[in-house]
Amino acid sequence: MNFKKNLKIIRAITMCLALGTMGCINMNMVSASDNLQAPKSAFDKNYKPDMSRGADNFYQSDKVNMQKVEFKNQYNMTVVGNLFVPKNLAQNEKAPAIIVGHPMGAVKEQSANLYATKMAEQGFVTLAMDLSFWGECEGLPRNSVSPDIYAEDFSAAVDYLGTRDFVDKDRIGVIGICGSGSFAISEAKIDSRLKAIATVSMYDMGTATRSALGHSQSVDQRKGIIKEASNQRYSEFLGQERKYTSGTADKLSENPSDIEKEFYDFLSYYKRI
């Protein structure tokens with residue numbers, strides 16, 4: 001890596017930490033209805049956000065242009081993203097670019113858009129994308145967990161950005177929020193085109209699944225979960241309803257904890273249909 005050439009990316013990516021700690025809200029799979037068709041839109045425009053903590057996922061800037069884009073990953077699945085381009089980008093200028101990955105179990109409208117917008121205001125071309133099986137991306141069944149394909153999506157995003165005539169293909173970096181941080185790092189190991197990686201509230205989803213928060217899950221409990229998941233395959237093969245694991249509840253309990261309320265507020269306004 002040419003450090004001086006990529007210093008601008010490294011410096012500017014670090015400023016994303018100043019946007020707040022709202023990056024990693026959901027750390028597991030989100031419950032969903034069992035409709036296997038990808039939604040036309042994952043964004044509920046009628047939702048009124050909780051602004052009490054100042055994290056505005058609905059922030060829009062008059063300094064950037066946004067457009068929806070689509071491209072294929074190497075599994076021939078369509079990946080959908082929001083492309084942000086600074087309005088003051090000079091004609092024939094090739095700008096550095098940043099890919100922004102959303103938290104595990106979320107969609108691009110949940111924090112990724114905000115980070116992408118803020119970084120575009122700093123002069124970067126940015127791409128907030130849905131990971132495969134989530135949001136507007138292809139992938140069946142919906143909300144599947146497939147870290148290898150998630151990682152591939154970041155390389156597919158480089159394919160797209162690196163072939164735009166207004167992007168400097170030698171200066172493409174990543175901001176990975178929550179679970180996306182680990183997926184981006186995994187892909188950077190095998191894709192030298194990713195020149196700089198920054199993570200926000202990065203979460204190791206594998207360790208979280210195996211050991212739970214604070215390593216509170218015993219080996220016997222883990223074995224029980226694996227056994228239940230294995231037997232569930234028989235049920236679904238025989239036509240029974242698909243079962244989703246853990247994550248944010250569809251409805252708040254009678255006396256929800258602060259964490260449960262925060263998760264629900266952050267995630268529940270997106271249509272998982």
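The values are calculated or read from the model by the stated rules, or taken from the named source; none is laboratory data. Since this is a predicted model, take the numbers as computed values, not measurements. Neighbour counts run over all protein chains shown; Cβ positions are idealised from the backbone, glycine included. Surface accessibility is based on the protein's heavy atoms, side chains included, excluding ligands, DNA and RNA. Shrake-Rupley method; radii C 1.70, N 1.55, O 1.52, S 1.80 Å.
Out of all the residues in the range 242-260, is one or more open to solvent by 60 Å² or more (accessible area, probe 1.4 Å) and assigned to a helix (DSSP H, G or I)? Looking through the range 242-260, at least one residue is open to solvent by 60 Å² or more (accessible area, probe 1.4 Å) and assigned to a helix (DSSP H, G or I). Within the range 56-84, the set of residues being open to solvent by less than 30 Å² (accessible area, probe 1.4 Å) and more than 20 Å from Pro96 (Cα to Cα) comprises Asn57, Asn73, Met77, Thr78, Val79, Val80.
The set of residues from the range 88-103 being free of Cβ contacts under 8 Å to residues at least 40 places away in the same chain and under 17 Å from Leu114 (Cα atoms) is empty. The number of residues in the range 161-185 being among the hydroxyl-bearing types (Ser, Thr, Tyr) and out of contact with any His (no Cβ under 9 Å at 6 or more places or on another chain) comes to 2.
Got a number for residues in the range 116-130 being surrounded by fewer than 24 Cβ atoms within 10 Å (Cβ to Cβ) and assigned to a helix (DSSP H, G or I)? Give the steps one after another, and end with the answer.
First, pick out the residues of the range 116-130 that are surrounded by fewer than 24 Cβ atoms within 10 Å (Cβ to Cβ): 117-118, 121-123.
Those still in the list that are assigned to a helix (DSSP H, G or I) too: 117-118, 121.
Selection size over the range 116-130: 3.
Could you identify the single residue in Val167, Val174 that is open to solvent by less than 50 Å² (accessible area, probe 1.4 Å), over 17 Å from the mean Cα position of the chain (by Cα) and β-branched (Val, Ile, Thr)?
Working: Val174 fails: over 17 Å from the mean Cα position of the chain (by Cα).
Answer to the selection: Val167.
Looking only at the range 180-193, filter to residues that are part of a loop (DSSP other than H, G, I, E, B) and charged (D, E, K, R); which one of those is least open to solvent (accessible area, probe 1.4 Å)? Among them, the one singled out is Asp191. Looking across the range 55-86 at every residue that is outside any strand (DSSP E or B) and of a type in the set (Asp, Glu), the one that is nearest to Glu262 (Cα to Cα) is identified as Asp56.
Residues that are acidic (Asp, Glu) and loosely packed, with under 10 Cβ neighbours inside 10 Å within the range 216-236 comprise just one, Asp220.
Just give me the residues in the range 213-230 being among the polar types (S, T, N, Q), in a helix (DSSP H, G or I) and farther than 18 Å from Pro141 by Cβ, in sequence order. Passing the criteria: only Gln221. Filtering the range 140-186 to residues that are within 21 Å of Thr245 (Cα to Cα) and out of contact with any strand residue (DSSP E or B) (no Cβ under 9 Å at 6 or more places or on another chain) leaves Leu140, Pro141, Arg142, Asn143, Ser144, Val145, Ser146, Pro147, Asp148, Ile149. When Met77 is tested against the conditions (1) closer than 20 Å to Lys169 by Cβ; (2) touching a residue at least 40 places away in the same chain (Cβ under 8 Å), the lone failure is (1). I'd like to check something: does the range 87-110 contain any residue that is part of a helix (DSSP H, G or I), surrounded by 17 or more Cβ atoms within 10 Å (Cβ to Cβ), out of contact with any strand residue (DSSP E or B) (no Cβ under 8 Å at 6 or more places or on another chain) and among the hydrophobic types (A, V, I, L, M, F, W, C)? The answer is no, given that none of the residues of the range 87-110 is part of a helix (DSSP H, G or I), surrounded by 17 or more Cβ atoms within 10 Å (Cβ to Cβ), out of contact with any strand residue (DSSP E or B) (no Cβ under 8 Å at 6 or more places or on another chain) and among the hydrophobic types (A, V, I, L, M, F, W, C).
Of the residues Ala196, Ala212, Ala151, the single one that is open to solvent by less than 20 Å² (accessible area, probe 1.4 Å), free of Cβ contacts under 8 Å to residues at least 40 places away in the same chain and among the hydrophobic types (A, V, I, L, M, F, W, C) is Ala151. Taken over the range 129-143, the residue count meeting the criterion of being closer than 17 Å to Gly179 by Cβ and touching a Ser or Thr at 6+ places or on another chain (Cβ under 8 Å) is 5.
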